[in-house]
Ligand SMILES: Nc1ncnc2c1ncn2[C@@H]1O[C@H](COP(=O)(O)OP(=O)(O)OP(=O)(O)O)[C@@H](O)[C@H]1O
Ligand SMILES: [Mg+2]
């Protein structure tokens, strides 16, 4: 099992400086936040001790994701606390191992023993705003989470010094799946946007109301990355989410509903080039699985087959197709919140834009979360996209700030010589794609090389360092 300890830093100062009513209110918002987040990640709050929270994963039943969920929850909580009050920070410790569990005992005192004491001491060793974990936790979660060494620590009650690790960020979906193989910078500078996307999603799921989020930004400003961060997030929580992603083909390629077909193929496990003889049974199996009513199935299946170009005839007019496709997504949303992420909507055919509007209008009482990503050209094709919808949020991605771009570069290629970094930053003008592509190009051409693994801190954290192979040639 895994134990999480979180403590507030700065609360005493706040409570001395402000009136007691205000301090109490802040503390109650904090405990509300901790409860919500811990529950979201499948943990159980064991107890509040003053402003510290202890939570456990893996009791009564253990799952292989326990440790990862505990660390994800810890990172989320530590990142969210300053939003309650700027003067407030949290620090956390996570430890995985065996503990004595009193079965049947609800609430306080269910878990006891060495594991709990050590987790609380690890938390005390963490810097404000950070999450420290023990070695077993790191080993079972490092596929999905990046760590750096926090060195050896003497912990009270332990004979030997203990190795601790600082959790930095989540880099994949659950269990390390879908991790990017290439060089990817850490996600920087769009915390507000990501938080908004997460909050709107939870609103949509809790209120069972459809919502449209339109993300607009110039090429390379990070629209797809933002959605990828959202994916990594909800894959780590316990709530089941039906995820669909589809991309529009470049304008002129003329497959009207390609993005929607992508989504249906994804749900049915059908490959893009799979032929009809194997795709058709998969489609039937999927419809069977998600649609319980035989009449509805008879209506929907041929029309989905038409969408996937598996069937020529047997479809009526557009209204008829729209009704069938909509019914399919409604049945999914009946079971779990359903996300539809449309990429490259600036290339969407008018009929796809019409379908999205139709879906939001007619299925508004279902937890359908539609995210459209587009370059600003979308507005030339469909001025005021989304504006007429009731549940609509528009997000514009500005260029990243200079500070964020610096952090991005440092995270991507630590130790990059300053003058090269300056040149890249000056030309990138806040476009993350430019910085990433330039670094990849320098690496590909061998102008930038992996220098050596070096000791980045006195305590012996290992990180990558880069240097220019031939500075003059750059
Ligand atoms: N906030 C960010 N932090 C770190 N890296 C980022 C960030 N935003 C984007 N990147 C990186 O920049 C590159 C381009 O981003 P992305 O593909 O998301 O752009 P886009 O807006 O979807 O572009 P397009 O309009 O071409 O689809 C990717 O390698 C991505 O990981
Ligand atoms: Mg994109």
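The values are calculated or read from the model by the stated rules, or taken from the named source; none is laboratory data. Quick caveat: nothing in here was measured; it's all calculated off a predicted structure. Cβ placement follows ideal geometry from the backbone for every residue including glycine, while neighbour counts extend to all protein chains displayed.
Overview of values
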{"quantity": "Pick from the range 368-396, criterion touching a helix residue (DSSP H, G or I) at 6+ places or on another chain (Cβ under 6 Å) and part of a loop (DSSP other than H, G, I, E, B), ranking: nearest to ligand 1 (Cβ to nearest atom)", "calculated": "375"}
{"quantity": "Only one of 301, 272 that is modelled with pLDDT of 95 or more, more than 16 Å from ligand 2 (Cβ to nearest atom) and outside the structural domain of residue 69 (by TED's automatic domain parsing)", "calculated": "301"}
{"quantity": "Qualifying residue in the range 315-326 (condition: away from ligand 2 (no atom under 16 Å from the Cβ), outside any helix (DSSP H, G or I), more than 27 Å from residue 380 (Cβ to Cβ) and touching a helix residue (DSSP H, G or I) at 6+ places or on another chain (Cβ under 9 Å))", "calculated": "yes"}
{"quantity": "Filter pass, residue 348 being farther than 25 Å from residue 436 by Cα and within 15 Å of ligand 1 (Cβ to nearest atom)", "calculated": "yes"}
{"quantity": "Verdict on residue 301 being surrounded by fewer than 18 Cβ atoms within 10 Å (Cβ to Cβ), over 25 Å from residue 204 (Cβ atoms) and out of contact with any strand residue (DSSP E or B) (no Cβ under 8 Å at 6 or more places or on another chain)", "calculated": "no"}
{"quantity": "Filtered residue count, the range 315-343, keeping only those that are surrounded by 22 or more Cβ atoms within 10 Å (Cβ to Cβ) and within 16 Å of ligand 1 (Cβ to nearest atom)", "calculated": "2"}
{"quantity": "Strands (runs of 3 or more DSSP E) enclosed by the range 149-261 - at least 3 residues per element that are over 23 Å from residue 94 (Cα atoms), more than 16 Å from ligand 1 (Cβ to nearest atom) and modelled with pLDDT of 95 or more", "calculated": "242-247"}
{"quantity": "Options 292, 283, 260: the member that is out of contact with any helix residue (DSSP H, G or I) (no Cβ under 6 Å at 6 or more places or on another chain) and crowded, with 19+ Cβ neighbours inside 10 Å", "calculated": "260"}
{"quantity": "Qualifying residue in the range 97-120 (condition: at pLDDT 90 or above and at negative phi)", "calculated": "no"}
{"quantity": "Residues located in the range 377-391, provided they are buried (at least 17 other Cβ atoms within 10 Å of the Cβ) and either modelled with pLDDT of 95 or more or within 16 Å of ligand 2 (Cβ to nearest atom) (or both)", "calculated": "378"}
{"quantity": "Matching residues, the range 41-94, being in a helix (DSSP H, G or I) and over 24 Å from the mean Cα position of the chain (by Cα)", "calculated": "none"}
{"quantity": "Residue that is farthest from the chain's Cα centre (by Cα) [pool: residues in the range 347-376 that are within 16 Å of ligand 2 (Cβ to nearest atom) and at pLDDT 95 or above]", "calculated": "376"}
{"quantity": "Residues (farther than 30 Å from residue 67 by Cβ and in contact with a strand residue (DSSP E or B) (Cβ under 8 Å, 6 or more places away or on another chain)) located in the range 217-251", "calculated": "217, 223, 246, 247, 248"}
{"quantity": "Tally of residues being crowded, with 19+ Cβ neighbours inside 10 Å and assigned to a helix (DSSP H, G or I) across the range 344-360", "calculated": "9"}
{"quantity": "Tally, over the range 397-407, of residues that are surrounded by 15 or more Cβ atoms within 10 Å (Cβ to Cβ) and in contact with a helix residue (DSSP H, G or I) (Cβ under 9 Å, 6 or more places away or on another chain)", "calculated": "6"}
{"quantity": "Unmet requirement for residue 25, which otherwise passes all of (1) under 27 Å from residue 229 (Cα atoms); (2) in a helix (DSSP H, G or I)", "calculated": "(1)"}
{"quantity": "Residue satisfying all of: in the range 174-215; within 16 Å of ligand 2 (Cβ to nearest atom) and in contact with a helix residue (DSSP H, G or I) (Cβ under 7 Å, 6 or more places away or on another chain); farthest from residue 33 (Cα to Cα) among these", "calculated": "185"}
{"quantity": "Residue that is in the same structural domain as residue 369 (by TED's automatic domain parsing) and touching a strand residue (DSSP E or B) at 6+ places or on another chain (Cβ under 9 Å), where the choices are 291, 286, 345", "calculated": "345"}
{"quantity": "Some residue of the range 430-449 being in contact with a helix residue (DSSP H, G or I) (Cβ under 9 Å, 6 or more places away or on another chain), assigned to a loop (DSSP other than H, G, I, E, B) and at pLDDT 95 or above", "calculated": "yes"}
{"quantity": "Matching option when the condition is within 30 Å of residue 311 (Cβ to Cβ) and surrounded by fewer than 17 Cβ atoms within 10 Å (Cβ to Cβ), among 250, 210", "calculated": "250"}
{"quantity": "Residue within the range 432-448 that is under 25 Å from residue 180 (Cβ atoms), touching a strand residue (DSSP E or B) at 6+ places or on another chain (Cβ under 7 Å) and surrounded by fewer than 21 Cβ atoms within 10 Å (Cβ to Cβ) present", "calculated": "yes"}
